[in-house]
Structures are given as structure tokens and as C-alpha cells.
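The values are calculated or read from the model by the stated rules, or taken from the named source; none is laboratory data. Because the structure is a prediction, the values reported are computed rather than measured. For neighbour counting, all protein chains shown are included, and Cβ atoms are generated from backbone atoms with ideal geometry for every residue, glycine included.
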Amino acid sequence: MTAATIGQARGRPTRPRRSPWSLVGIGAFLAITWWAASREFGIGFDLVSVFTNLTRGASILAEFFPPNWAYLPRTFEPMLETFQMAVVASALGCGLALPVSFLASRVSTPNFPVLFANRTALNVVRALPDLLYALIFVAAVGIGPLPGILALIFFNIGVTAKLMSETVDGVDPGPIEAANAAGGNRTQVVRWAILPQVLPNYVAYSLYVFELNIRASAVLGIVGAGGIGNNINTARKFFQYDNLSVILIEIFVFVFVIELVSIWLRRRLV
Amino acid sequence: MIRFLNASVVYPGGVQGLKNLTLDIPDGQMMVIVGLSGAGKSTLIRAINGLVPLTSGDVLINDVSLRGASQKQLREIRSRIGMIFQTFNLVKRTTVLNNVLMGRLHDAGTGRSLVGWYRPADVEIAMQSLERVGIVEKAYVRASNLSGGQQQRVGIARALAQQPTILLADEPVASLDPPTSHVVMRDLQRINRDLGITTIINLHFLDLAKVYGERIIGLRAGELVYDGTGARADETVFRDIYGRSLTADDVMGQEAPAAIPG
């Protein structure tokens with residue numbers, strides 16, 4: 001049977017015409033991408049210069065090798081600090097994000113002004129990147145791990161509460177109705193009808209955020225917010241590229257191990 | 001005593017859930033509501049515990065008006081009204097006992113229930129409720145590991161844990177197979193007779209309604225079109241409630257395995 005006769009068979013609907021707006025959307029997307037990359041209006045992105053300049057850094061890259069392994073023991077302490085910053089920030093950030101996420105979901109917070117205020121606050125918190133938070137807190141409380149931890153906490157609240165409130169939006173409403181019918185108050189409904197449904201997601205998000213924190217706290221030290229980033233900054237400033245390569249390899253191994261552990265944990269808990 | 005006084009529910013969008021319903025349900029009665037889907041059965045049930053607010057008229061539970069009740073008073077009224085659901089509405093990821101303890105929330109206090117430190121007396125009530133529906137051995141099993149019939153019994157136990165004076169059942173057997181349906185209906189009948197709990201059940205199988213309904217009311221487009229005993233409700237009556245001739249889909253079609261003699 002040809003395509004034409006399929007459409008014409010008795011009682012079958014004809015295929016609805018595709019909305020012209022989808023074509024407009026695709027066109028707009030292509031136009032904006034071209035605009036952003038073009039030499040005339042945008043940043044002038046072209047692959048040719050990538051290749052012509054590729055060898056220019058070869059002499060610098062060569063200095064990365066061989067890595068100066070004698071430097072390794074001196075990175076252990078800042079690396080431990082990075083790990084500890086990530087642990088503390090994840091615990092506090094994800095812990096604070098849990099109640100906030102319930103206040104930012106229409107399922108657990110039907111009161112619109114409260115919901116709106118919380119969602120707006122979360123959007124504001126999420127608007128700043130972690131490095132900017134670190135700059136602000138370094139200015140406020142001085143250098144060291146404290147501003148780094150504070151920056152990560154804000155970053156974590158933004159990420160976790162966003163993901164969690166969207167998860168709460170999607171829970172099965174049946175148990176909520178049951179808990180309401182049993183005379184439970186709002187807090188009890190959240191605790192016993194909603195939380196058990198979203199707990200596996202919460203654990204998964206928290207582990208993910210912990211991974212993000214390990215990576216982020218490696219960078220935060222560049223602005224003086226503690227951790228291994230301080231060493232990266234020093235090595236970069238004094239052109240000690242053989243030290244830098246040791247740090248990079250170390251971070252790579254460390255993040256890889258953390259990821260393996262968190263995958264294993266997630267599989268066991270979720 | 002539950003009294004509907006000229007009660008109406010109009011949903012946002014203009015759909016009429018209930019229309020000028022006036023009805024008395026005396027204490028201890030086992031009443032079955034029949035009607036087509038969309039006739040207002042679920043609305044009537046949910047008007048009794050205030051899950052659906054009235055748009056006019058009133059519902060009195062033991063002379064207390066639902067219309068004027070504050071949120072706190074409403075929770076107080078709901079705590080004395082158990083409810084079971086077509087889809088059981090259990091938290092599937094947690095244990096049977098935790099689900100049943102949901103019936104004790106009203107008495108547990110916010111702080112205590114937040115951390116899950118229920119009083120031994122509350123746990124005892126929950127265990128007794130599970131014993132009454134015969135699945136206490138499943139107390140520490142995840143709810144998702146139970147069969148449909150067992151899950152509905154957990155739902156009943158959760159309602160019983162409230163120590164209610166009224167039990168509402170919204171299509172309690174619609175998701176179950178016929179033999180299991182009769183088991184659950186007999187559980188409800190026994191609870192009604194042994195504990196004297198006023199029991200109001202939505203059903204769409206007419207033969208089940210006749211067997212278990214001490215009293216049957218019929219709804220059509222939100223209006224009361226029949227009110228009488230199960231014995232008196234014959235095919236003509238049901239045709240009248242449904243506004244069409246009856247089909248094989250309207251009956252469950254399996255003989256009740258010896259309902260408890262009245």
C-alpha cells in the first residue's frame with residue numbers, strides 16, 4: 001500500500017500538517033549559531049587557526065614531561081584539604097538544599113507566594129558560578145578553605161534544590177492524598193508521603209554534587225580559596241610545568257577513584 | 001451521623017460533581033454508591049472528609065460543619081475518617097508498617113513523626129490493624145513486594161490505624177481480580193460489623209453492590225436518583241441509575257463465596 005492510500009483509507013485521520021513554527025525555530029537556532037561564530041559579528045571561531053597554532057605550545061607542553069615526582073609528597077596535604085572541603089560543603093549544602101527543595105515545589109508548597117519567593121531565591125543563587133562566589137567570600141572572610149567551603153555550599157544549594165524540587169514535582173500524588181486524608185499536617189505529609197519517594201534521587205544527586213565539589217575545589221584555590229588550587233596557581237605562575245603535570249595526574253586519578261566509589265554507592269543505595 | 005445538606009460541588013471549569021445532594025447516613029451503616037464514571041461517586045466520598053471542598057450547601061459530621069472548618073479542624077475531622085483508594089496509594093518504597101503508621105500521624109505530633117520515633121502505643125495500634133486484615137507477618141516487608149490484594153489490605157490497615165468512626169472506600173476493588181475483590185469486600189464487611197464503623201463504598205460492579213450494600217444509593221450526573229436497600233435494587237433500578245441498559249461489563253460475574261450472613 002502506498003503512502004497516499006494509507007492516508008486515504010476510510011475512517012483514518014489525515015496526517016496533521018507540521019506547524020511552520022518548528023521550521024522557524026530550527027532556522028533561528030542556525031542563524032544564532034552562525035552569528036555567534038562568525039568573524040563579522042561574533043567571536044570569529046574557525047578551525048583553521050586551531051591547526052596552524054597547534055604546535056606553538058609544543059615547547060611548553062614538553063616542559064610538562066617528565067613529571068617532577070619529587071614534588072608529589074608536597075601535594076598530599078592540599079589535596080586532603082580539597083577532599084575535606086568537598087566533604088564539608090557537600091554535607092552542609094545538600095543538607096540545607098533538602099528543606100529548600102520542598103519549599104520550591106508546588107506539590108509540597110501549594111502556597112503560591114512562598115513557592116514564588118523560594119524559586120526566585122534559588123534562581124538568584126544559581127545565577128552566580130562557583131568561582132565568583134569564591135571571589136566574593138575571599139574578599140569577605142579572607143583566604144583559606146573557609147571561603148571555598150562557603151562558595152561550594154551556595155553552589156550546592158543551587159544545584160541540589162533545583163534538581164530535587166523538579167523531582168518532587170513528579171512524585172506519585174496518591175500517597176499524598178492518603179496522608180492528607182489521614183489527618184497529617186504539611187510537614188508530616190512531606191516526611192512520610194513525599195520524602196520516601198524522592199530519597200533515592202536525593203542520594204544520587206548528593207553523590208553527583210560531591211563529585212562536582214572535588215573538581216570545583218581544585219579550581220577554587222586559584223582565587224585563594226584553599227585546596228590544591230593554590231599549588232596549581234603557584235606552579236603556573238612560576239612556570240613549574242613539571243610540578244603542574246604531577247598535580248594534574250593526581251587530580252585525574254583522584255576524581256576517577258571518587259567516581260568509581262560513587263557509582264558503586266549509587267548502585268547499592270538507589 | 002453524616003448529613004449532606006443541599007450540597008453541591010462545581011469543579012473549576014464548570015463540571016458539576018454534586019448537585020443539591022441531601023442525604024443522611026446513620027452511624028454504623030454499610031452504604032454502597034453506584035453510578036457511571038463521572039456521576040459524582042468519588043466527589044461524594046471526598047466531600048465527606050473535605051478533600052473536595054463544597055461550592056454550596058454543607059456536610060455535617062456528627063453535627064460539625066465542614067464548610068466553616070479551619071485547616072486545623074479539618075485535620076481533626078479527617079483523623080476520625082479512614083480512607084482507602086482504588087490504586088491503594090501506598091508509599092511503595094517503604095515498609096508496610098511505615099505505611100500503616102501513616103494512620104497514626106494525627107496523634108503522633110510533628111516532631112516525633114518527623115524523626116520517626118513513634119510511641120510504642122502507636123506501633124501497637126498499627127500492628128493490631130495489620131492483624132485485623134491478616135497480614136501482620138508482612139510488617140517489615142517493602143510495600144512494593146506485595147500483591148495487589150495484599151496492598152489493598154495494607155491500605156485498609158492504614159485506615160484502621162486511625163481508629164476511625166467512618167471508613168470511606170473509593171472503588172476499593174476496581175484494580176483487583178474477582179476472587180481477591182470478594183476477599184477485600186468481606187474484610188470491609190467484617191470491619192463494619194465487628195467495629196461498628198460507618199462504611200461508605202464506591203462500586204461499579206452491580207452484583208457486588210447488591211451483595212455487600214446494606215443500603216445502595218445511585219448517582220447520575222451528580223444527582224441522587226436512587227436510595228434504598230440492596231435487596232430492592234433490581235435490574236430496573238440499575239437501568240434507571242445508569243440511564244442505559246445493562247451489559248456484562250456492569251457485573252463482576254463471579255458468585256460471592258458465601259458472604260458473612262447478616
Candidates A:ILE251, A:ILE247, A:ILE228 - the one that is within 19 Å of the chain's Cα centre (by Cα), under 16 Å from A:TYR71 (Cα atoms) and not aromatic (Phe, Trp, Tyr): A:ILE251
Where B:SER147 falls short, out of the listed (1) in contact (Cβ under 8 Å) with a residue 40 or more places away in the chain; (2) not assigned by TED's automatic domain parsing to the domain that holds B:ALA209: (1)
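Could you please find all residues in the stretch B:102-113 being closer than 21 Å to B:ILE197 by Cα and either surrounded by fewer than 24 Cβ atoms within 10 Å (Cβ to Cβ) or away from every other protein chain (no Cβ under 13 Å) (or both)?
The answer is B:HIS106, B:ASP107.
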Top-ranked residue of the stretch B:114-124 - restricted to ones that are free of Cβ contacts under 8 Å to residues at least 12 places away in the same chain and assigned to a helix (DSSP H, G or I), ranked as nearest to the other protein chains (Cβ to nearest Cβ): B:LEU114
Which numbered condition A:VAL198 misses (of (1) more than 9 Å from chain B (Cβ to nearest Cβ); (2) in contact (Cβ under 8 Å) with a residue 60 or more places away in the chain; (3) over 19 Å from A:LEU260 (Cα atoms); (4) crowded, with 19+ Cβ neighbours inside 10 Å): (2)
Residue check, A:PHE155 crowded, with 20+ Cβ neighbours inside 10 Å and more than 14 Å from chain B (Cβ to nearest Cβ): yes
Matching option when the condition is crowded, with 19+ Cβ neighbours inside 10 Å and within 28 Å of A:VAL87 (Cα to Cα), among A:ASN180, A:ASN243: A:ASN243
Looking only at the stretch B:77-100, and only at residues there that are over 18 Å from the mean Cα position of the chain (by Cα) and not polar (S, T, N, Q), the one that is surrounded by the most Cβ atoms within 10 Å (Cβ to Cβ): B:VAL96
Residues located in the stretch B:137-173, provided they are within 12 Å of chain A (Cβ to nearest Cβ) and part of a loop (DSSP other than H, G, I, E, B): B:ALA161, B:GLN162, B:GLN163, B:PRO164, B:ASP170
Leading residue by the ranking (nearest to A:PRO196 (Cα to Cα)) among those in the stretch B:77-91 that are out of contact with any strand residue (DSSP E or B) (no Cβ under 8 Å at 6 or more places or on another chain) and more than 7 Å from chain A (Cβ to nearest Cβ): B:PHE88
Residue within the stretch A:158-177 that is touching a residue at least 60 places away in the same chain (Cβ under 8 Å), facing chain B (nearest Cβ under 9 Å), surrounded by fewer than 23 Cβ atoms within 10 Å (Cβ to Cβ) and closer than 24 Å to B:VAL115 by Cβ present: yes
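Is it the case that B:GLY50 is more than 14 Å from chain A (Cβ to nearest Cβ), of a type in the set (Gly, Ala, Ser) and not in a helix (DSSP H, G or I)?
no
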2 or more residues farther than 30 Å from B:ARG75 by Cα and modelled with pLDDT under 90: qualifying helices (runs of 4 or more DSSP H) within the stretch A:169-270: A:195-220, A:229-237, A:241-269
Which numbered condition B:GLY38 fails, given (1) more than 14 Å from chain A (Cβ to nearest Cβ); (2) buried (at least 18 other Cβ atoms within 10 Å of the Cβ); (3) assigned to a loop (DSSP other than H, G, I, E, B): (2)
Within the stretch A:8-42, considering residues that are surrounded by 10 or more Cβ atoms within 10 Å (Cβ to Cβ) and outside any helix (DSSP H, G or I), the one nearest to the chain's Cα centre (by Cα): A:GLY42
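Please work out if A:GLU81 is among the acidic types (Asp, Glu), over 24 Å from A:VAL203 (Cα atoms) and either surrounded by fewer than 12 Cβ atoms within 10 Å (Cβ to Cβ) or touching a residue at least 24 places away in the same chain (Cβ under 8 Å) (or both).
Values: among the acidic types (Asp, Glu): yes; over 24 Å from A:VAL203 (Cα atoms): no; either surrounded by fewer than 12 Cβ atoms within 10 Å (Cβ to Cβ) or touching a residue at least 24 places away in the same chain (Cβ under 8 Å) (or both): yes.
The answer is no for A:GLU81.
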